[in-house]
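Some notes on the structure that comes next.
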């Protein structure tokens, strides 16, 4: 199969020492560790795919990766560039129509962890991927719901990966709630299947919450990051765990797998 | 094959080409539905129509969208789950008044410049936007295909979307919930487009359409529509289809026209035929960011080409050098036959 040349290839990057992990590598490694013991993960392209692929090689060898396009149990020969990349289909365990994927796989409760991204997140783990500003005449029109709302409502738990922890993205009030967590759903009279966001991995640390009625709490920071730094980067008064752990940096083995096996062309390891 | 009661049994159950039949039977023979893209768009797309283009990242009916632009259709309502490059182009072509969609982005590659100008600044004119989630759109097609008044789904609870889209309604289930109490649930209305276009790998002349790889929501989108046009990489003999009937995603009875249009899904892909043009997806964010540049692109690639064959010919080297795919054959199954 012919593949497009990998963009932005970094010659010699694979030989870089383990100590020099990039921000993307850090996020992918931390997210991959969180997948230990999970069986099915609903992943988007980019960091979630890197994290799931790395987990498959490390902490969750039996992990089944499900894509929104309908692919279940993908075994791609190359790193996919989209959730519908042809390399995901060739050799996959199953390719389902969308009605089955959304109706039976997601709504039927078959997904352990769903990865979601967002432009904004609030303290309850509600997500905005629709607009910055007013919906009618937004400052920035973002892509919208896609299947994120369905993943949020139906996956057992949600992991969010945010490249930049800033007060604008970690906001007290969303400009628009695209994908509501269980607290908002319950207030609307409907009990969702899942717990909503349980982990948020950022460039500063890790936030966690157990489920409905709980807000996100800072539980760990990356080496060299202080709790005050995270507080300042968060747009609400951040709850902090009694003991904040320091995240173990990526090991040489994790980085080698990520760089040599998962994303050798450095498509996503920016 | 309908109403051929007097034909010999063997003929009734075997496809016979119209020209092989005696004149009296020719009128009831299954029709050859092949049309050129130009004729299909001229016949099935009218100003003010609701036009659905489906294909979830795979087999996007781009060539159909381009022909709609060439024929300068106006005031269309476009229904498409992932409003992406082809929708941005139709917006720039001035064809679209209203958009019904669940994702308005250039895949994971960036933005849609024209769509953002229309929504963010009403430039050059406002765009009516009816917004759903993916499953909401899937359910709308299903309700449309099944002629149901609505379908319920476990989405939208607590979301701000129902506040901006009054078509999203919450109802009380007529049955008790798991806890014995009344259960509330959101519903979506059916969608019944005037015409649906899909792209597929192959069909026969009757319209029996086979798709492999991602099959998306194509069958539901076709059955929901009043008319359906299938655009294909290849037109194949009836025997090819009937050798593998499980691969038929849309049967002939749901299809009004078959258009032969190789490479008509570019820049998306056709599994087993050509790969996705990821470089073009990335470049679209830059092209579409500048309204002048986008119009120049349309002038060169859409208005400046007579049909999709000319568009594809301009890309011949690119297809050969970057989008060609190798072989990965399916295994075979044995359908069996009675001895």
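We did not get these values from a lab; they are worked out from the coordinates using the rules stated. Computed from a predicted structure; not experimentally measured. When we count neighbours, we look across all protein chains shown, and the Cβ atoms used for this are built from the backbone with ideal geometry, even at glycine.
Mean residue ellipticity, 222 nm, helices only, chain A: the sum of -39500 (n - 2.57) across DSSP H runs of n ≥ 4, divided by residue count and rounded to 500, is -4500 deg cm²/dmol.
For the residues of A:97-109, the average number of beta carbons from a partner chain within 10 Å of their own beta carbon is 6.
Modelled spin labels at residue A:253 and residue B:122, positioned 7 Å past Cα toward Cβ, are 6.2 nm from each other.
Neighbour counting of Cβ atoms within 10 Å sorts the residues A:188, B:256, fewest neighbours leading, into A:188, B:256. Estimated from the Cβ-Cβ distance and a Förster radius of 56 angstrom, the FRET efficiency linking residue B:335 and residue A:226 is about 0.25.
Run the numbers on chain A and let me know its relative contact order in percent, using alpha-carbon pairs under 8 Å that are six or more apart.
Reported as a whole number, the value is 21 percent.
In terms of the Cα gyration tensor, with a ≥ b ≥ c the square roots of its eigenvalues, is chain B rounded because a/c is under 1.5, prolate because a/b exceeds b/c, or oblate?
oblate
Here the residues A:176, B:280, ranked from fewest to most Cβ neighbours within 10 Å of their Cβ, fall in the order B:280, A:176. Of all the options B:172, B:34, B:209, the one that moves most in a Gaussian network model of chain B with Cα springs shorter than 10 angstrom is B:172.
Estimated from helical segments only, the mean residue ellipticity of chain B at 222 nm is -7500 deg cm²/dmol, where each DSSP H run of four or more residues counts as -39500 (n - 2.57). Once you order the gyration tensor axes a ≥ b ≥ c over the Cα atoms, which shape class does the stretch B:90-200 get: rounded for a/c under 1.5, otherwise prolate or oblate by comparing a/b with b/c? Cα axes put the stretch B:90-200 in the prolate bin. When each of B:68, B:235 is scored by the number of other beta-carbon atoms lying within 10 Å, the sequence from fewest to most is B:235, B:68.
The alpha carbon gyration tensor of the protein assembly as shown gives principal lengths a ≥ b ≥ c with a/c of 1.5 or higher and a/b greater than b/c, which makes the shape prolate. Counted residue by residue at 0.36 nm each, then reduced by the alpha carbon distance between them, the extension gain from residue B:290 to residue B:42 reaches 86.2 nm. Here the relative contact order of chain B, from alpha carbon pairs under 8 Å that lie six or more residues apart, stands at 19 percent. Most mobile of A:64, A:248, A:25 per a Gaussian network model of chain A (Cα springs, under 10 Å)? In the Gaussian network model the winner is A:248.
Mean partner shielding of peptide A:182-190, defined as the number of other chain Cβ atoms within 10 Å of each residue Cβ, is 5. Projected label points at residue B:72 and residue A:137, each 7 Å from Cα along the beta carbon direction, are separated by 3.1 nanometres. Averaged over the residues of peptide A:136-142, the number of Cβ atoms from other protein chains lying within 10 Å of each residue's Cβ is 5.
State the extension gain, in nm to one decimal, for the chain segment bounded by residue A:186 and residue A:39, taking 0.36 nm per residue of separation less the distance between their alpha-carbons.
Once the chain is fully extended between residue A:186 and residue A:39, it gains 50.2 nm.
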